[in-house]
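The next block holds one structure in the form of structure tokens; read it before the comments.
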Ligand code: SF4
């Protein structure tokens, strides 16, 4: 799942930047057990500074996690990586 296809697409900064070829979609993909890469950190900065749907994106990931959908526990959503979201929800990262 890529940033452009997996997260909110209407007004999403990731979708616009990936479509424009400015940032690779993999920037929003993370290994749940790895520390964020420099590219991941760049993606998180975009989420925090350029995305008008950041809060909705994060809420979507948390809702997915709380309903047991593993998609919400993988990758960067709303500017947070899996371990940061796990801290918010109390749900661990995927095995
Ligand atoms: S908050 Fe980040 S991951 Fe979510 S839609 Fe915006 S740019 Fe994409």
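Points to keep in mind about this one:
- Out of 43, 34, 71, one residue alone is within 20 Å of residue 13 (Cα to Cα) and surrounded by fewer than 20 Cβ atoms within 10 Å (Cβ to Cβ). It is 71.
- Residue within segment 45-60 that is away from the ligand (no atom under 13 Å from the Cβ) and either part of a loop (DSSP other than H, G, I, E, B) or at pLDDT 95 or above (or both) present: no
- Pair list, Cβ < 6 Å and 6+ apart or interchain, from segment 39-59 residues that are under 15 Å from residue 26 (Cα atoms) and touching a residue at least 40 places away in the same chain (Cβ under 8 Å) to residues that are more than 8 Å from the ligand (Cβ to nearest atom) and part of a loop (DSSP other than H, G, I, E, B): 40/30
- Within segment 43-95, the set of residues being touching a helix residue (DSSP H, G or I) at 6+ places or on another chain (Cβ under 6 Å) and under 18 Å from residue 17 (Cβ atoms) comprises 43, 46, 47, 50, 51, 54, 75, 76, 77, 78, 79.
- Taken over segment 62-95, the criterion of being touching a strand residue (DSSP E or B) at 6+ places or on another chain (Cβ under 8 Å) and either near the ligand (Cβ under 8 Å from one of its atoms) or modelled with pLDDT under 90 (or both) is satisfied by 88 alone.
- Scanning segment 1-30 for residues that are in contact with a helix residue (DSSP H, G or I) (Cβ under 9 Å, 6 or more places away or on another chain) and at pLDDT below 85 yields 1, 2, 3, 4, 5, 6, 7, 8, 9.
The values are calculated or read from the model by the stated rules, or taken from the named source; none is laboratory data. What you see is a predicted model, and the numbers here were worked out from it, not measured in a lab. Neighbour counts run over all protein chains shown; Cβ positions are idealised from the backbone, glycine included.
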